[in-house]
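Comments concern the structure below.
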Amino acid sequence: MSATLQNLVNQPYKHGFVTSIESDVAPKGLNADTIRMISTKKKEPEWLLEFRLKSYEAWLKMEEPIWPNVHYPKIDFQAISYYSAPKQKPKLKSMDEVDPELLRTFEKLGVPLHERMALAGVAVDVIFDSVSVATTYKDKLAEVGIIFCSMSEAVLDHPELVQKYLGTVIPPSDNFYAALNSAVFTDGSFCYIPKGVQCPMDLSTYFRINTEESGQFERTLIVAEEGASVSYLEGCTAPAFSSNQLHAAVVELVALDNADIKYSTVQNWYAGDEKGVGGIYNFVTKRGLAKGVNSRISWTQVETGSAITWKYPSCVLLGDNSVGEFYSVAVTNHYQQADTGTKMIHIGKNTRSTIVSKGISAGHSNNSYRGLVKVAPGATGARNYSQCDSMLVGQNSGAHTFPYIQVANNSSQIEHEASTSKIGEDQLFYFAQRGIDAEAAVSMIINGFCKDVFQQLPMEFAVEATALLSFKLEGSVG
Amino acid sequence: MIYPDSKIVLEVRGLCATVNGTEILKGLDLTVRRGEVHAIMGPNGSGKSTFSKILAGHSAYEVTGGSVMFEGQNLFDLAPEERARAGVFLAFQYPIEIPGVINSQFLRLTYNTVQTHRGKEELDPLEFDDYVREKMKLLEMSPDFLERSVNEGFSGGEKKRNEILQMAMLDPRLAILDETDSGLDIDALRIVANGVNQLANKDNAIVLVTHYQRLLNYIVPDYVHVMEAGRIIKTGGKELALELESRGYDWVGVEHKAVAGAVA
């Protein structure tokens, strides 16, 4: 790999800074008392404390999964602090009331919140560490009956809805990290779209880890009632810390008859330095239940950050004629490791799913696609199309594909396509001979490679993702 | 065409170069002036393609001696992309495929990059579309070329036309056409050659690198050079190409050795 290519991929993390808002941090360690403390701090109802404690019991009996194609030192779960909240947490009606320090943080990230809201008309539920500090556009959404708030608020203000759906898509015993999350989650987003309502704007949440050594366990629940539709954007950036941080989020989506949920993510957690020191461990469980007939769940993700990514946004296609989609771009560089993909579980009749996965590996990184397409005996007429493309940059990166296909109905139709390509010196020379430098060339090749996925992103996100990818790969090709 | 007192575009003196430690060019001399068309011919392995890639700045080759001046400046001071912006154009023998990158977007990026360097206005996608479609007529290209990935799945002839299209867009000072005739059927050859002829003018220079004489029936050179073992051993007019066609290359080498021997 030439020097230009190296320099292009190896830019320092742009969003590496720590804001100095005082935090209220729980002592390290996890036991039933820690969980009671979290629940008390958040003034939660009894049923939720029980949910947490049961999850904790389940978690104690579970073991960390070792099957992913990633390697890292054993995590000491007793060395993590499970709660951290900014001390100052006022209820704010407008951005003017937000701590200016916080606003500056978002500006450093290149996401001036006020501008975003004014120009783009996006309601942003700001999650800073684990507690929401500003929720906007809520009134406008409330007019059409949409509830969009932090999980903590939802628990207090809409307990019946939360209780009805929480843990129904991803039960606490689903897996090790989901159980952990169910026991200790601190906050996240809650979104409820009532019957027949088309959400008038993209809903967006910015997550941000801000306290060193504090694990972050978000919990997000989105419910779209009959005939409702919503597009939800999740963007993540985090400051550059030297030690690893655990991040184990759970996201549950429920779509009833004819409902449509589109969930888009741009993930740029701190990936560690170029030697692989530091970086976030991102162990996420995301699943959507297409419960009703003709319902649709669509996941789009652009994964560029984290030292380790372990994430399989999935769809359970329960309703007849329901549709599941997964569009993914995963970029790894330096010593990053990603094991990501999806599960499409076809249960209803004539269910359809599409998987488009693009993996880009540079530096010494390792990028794996892992996907399951499962057709249950009753899923007559099920169809799946999967496309998994890998691109290698340089000599030392790895790309792997682990497709699992389990079909129990002979009327189904499954297609799987895969390809591996490489950004070569000769391609870059061709660009150079036309006056285009390596940086612009790599950007163009990568964007061409990821086009099918970027097309699925909301416009503003697509622009951001394009810039993010170029920036992540700067220095790696040449 | 040869113009009296025309400015020198390219001046190569004693150029020596190696690839992976093997010496390929061994003291090559060549002077090209504005308005001229030069043909460099020679057997396989004589160093013709190496020479074109070195002029374009391919990193696989190491220049070990000699000098190359382009429009009065040291060519080796410029990175490959700077050479291209300054007006060095190489039409590749094997244009590489770039899957996923749409031809129209690629063409517009290269056009705007070079235009910007020359202090000229960039074109927006709509303006560029008009501009490029006009240029495509020159090469009898169908507009659907614009929507395909760069060179991907192009036939040999389509790839070569795409190269000459870029030459037409970028308006280079020096165009080096590396075996542009290879892989072309007679119709495609005629179209490509016709395009090149229309692009040749008194301000630019063209160097044709070719193994066969047949291209020279369509693009008539002012000078024909014979290359062997890394240097130019004979230079003549267009009739030299015909002589090579009928007699092959061996006699040139024999004659050259005889002359060299006599001088020694």
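What to note about this one:
- Heavy-atom SASA rank of A:His247, B:His58 (probe 1.4 Å, accessible area, largest first): B:His58, A:His247
- The ellipsoid that matches the Cα gyration tensor of the protein assembly as shown has semi-axes, each √(5λ) in whole angstrom, of 61, 26, 23, with the longest given first.
- Descending semi-axes in Å of the range A:411-455, equivalent ellipsoid built from Cα gyration tensor: 31, 12, 6
- By DSSP, the beta bridges lying fully in the range B:8-263 are antiparallel in about 60 percent of cases.
- DSSP bridge orientation in the range B:61-210 - percent antiparallel, rounded to nearest 5: 30
- For the pair the range A:160-205 / the range B:4-44, the C-alpha centres are spaced 70 Å from each other.
- Cα centroid separation, the range A:260-333 to the range B:67-129 (Å): 39
- Computed with a 1.4 angstrom probe on protein heavy atoms, the A-B interface buries about 2000 square angstrom of accessible area in total.
- For the peptide B:99-109, the mean number of other protein chain Cβ atoms found within 10 angstrom of a residue's Cβ is 5.
- 27 Å Cα-Cα threshold exceeded, pairs from B:Lys26/B:Lys257; B:Lys7/B:Lys120; A:Lys472/B:Lys160; A:Lys262/A:Lys349; B:Lys26/B:Lys238; B:Lys202/B:Lys257: A:Lys472/B:Lys160; B:Lys202/B:Lys257
- Among residues other than A:Arg352 with Cβ under 13 Å from its Cβ, the summed charge is 0 (Lys and Arg +1, Asp and Glu -1).
- For chain B, the longest principal axis of the C-alpha atoms and the axis of helix B:186-199 are separated by about 90°.
- Rg over Rh for the range A:228-362 works out to 1.04, both radii taken from alpha-carbon positions and Rh defined as the Kirkwood radius.
- Assuming charge only on the beta carbon of Lys and Arg (+1) and of Asp and Glu (-1), the dipole of the protein assembly as shown about its Cα centre is about 740 debye to the nearest 20.
- Of all DSSP beta bridges confined to the protein assembly as shown, the antiparallel ones make up roughly 20%.
- Long-range HN-HN contacts of A:Arg296 with modeled amide H, under 5 Å: A:Ala259, A:Asp260, A:Ile261, A:Val323
- Taking Cα centre as origin and charging only the Cβ of basic (Lys, Arg, +1) and acidic (Asp, Glu, -1) residues, the dipole magnitude of the range B:130-185 rounds to 160 debye.
- Measuring only protein heavy atoms, the 1.4 Å probe finds B:Asp29 accessible over about 80 Å².
- 222 nm mean residue ellipticity, helices alone, for chain B (DSSP H n ≥ 4; -39,500 (n - 2.57); rounded to 500): -11500 deg cm²/dmol
- GNM on chain B, alpha-carbon springs under 10 angstrom: the most fluctuating residue among B:Ser46, B:Ser155, B:Ser182 is B:Ser155.
- Taking every protein chain into account, the 1.4 Å probe leaves B:Val254 with about 100 Å² of accessible area, to the nearest ten.
- Positive-end residue, the range B:8-263 charge dipole about Cα centroid, Cβ charges, pick of B:Gly230, B:Val252, B:Thr64: B:Val252
- The phi torsions of the range B:161-167, fed into the Karplus equation with coefficients 6.51, -1.76 and 1.60 and a -60° offset, translate into couplings of 5, 4, 5, 5, 4, 5, 4 Hz, rounded to whole numbers, with Gly and Pro shown as x.
- Applied to the range B:124-130, the Karplus parametrisation 6.51 cos²θ - 1.76 cosθ + 1.60 on θ = phi - 60° returns per-residue 3J(HN,Hα) values of 7, x, 6, 4, 5, 4, 4 Hz, with x for Gly and Pro.
- Percent of Cα pairs exceeding the 22 Å cut-off, where the set is the range B:160-264: 37
- Projected onto their three principal axes, the Cα atoms of the range B:215-264 cover extents of 39, 19, 17 Å, largest first.
- The mean number of Cβ atoms from other chains found within 10 Å of a Cβ in peptide B:84-91 is 3, as a whole number.
- Other-chain or far-sequence residues with amide H under 5 Å of A:Lys422's (modelled H): A:Leu392
- Amide hydrogen neighbours beyond the local backbone of A:Ser386, cut-off 5 Å, H modeled: A:Ile355, A:Glu415, A:His416, A:Glu417
- The peptide list B:227-234, B:87-94, put in order of mean Cβ contacts within 10 Å with the highest first, becomes B:87-94, B:227-234.
- Selection from B:Gly195, B:Leu208, B:Met141 lying farthest towards where the dipole of the range B:129-247 points positive, charges on Cβ: B:Leu208
- Sequence-ordered 3J(HN,Hα) estimates for the range A:367-379 from the Karplus curve with 6.51, -1.76 and 1.60 and θ = phi - 60° stand at 10, 10, 9, 9, x, 10, 10, 10, 10, 6, x, x, 7 Hz, glycine and proline given as x.
- Built from the Cα atoms of the range B:8-263, the convex hull projects on average onto 14.0 nm², one quarter of its surface area.
- D (Stokes-Einstein, µm²/s), Kirkwood Cα radius, the range A:32-74, 1.002 mPa s at 20 °C: 174
- Pairwise Cα distances in the range A:316-443 exceed 26 Å in 36 percent of cases.
- For the range A:137-199, the spherically averaged projection of the C-alpha convex hull amounts to 4.9 nm².
The values are calculated or read from the model by the stated rules, or taken from the named source; none is laboratory data. Being a predicted model, the structure only gives us computed values, none of them experimental. So basically every Cβ, Gly included, is an ideal-geometry build from the backbone, and we count neighbours across all protein chains shown. These accessible areas exclude ligands, DNA and RNA; they are computed on the full protein's heavy atoms, side chains included. Shrake-Rupley method; radii C 1.70, N 1.55, O 1.52, S 1.80 Å.
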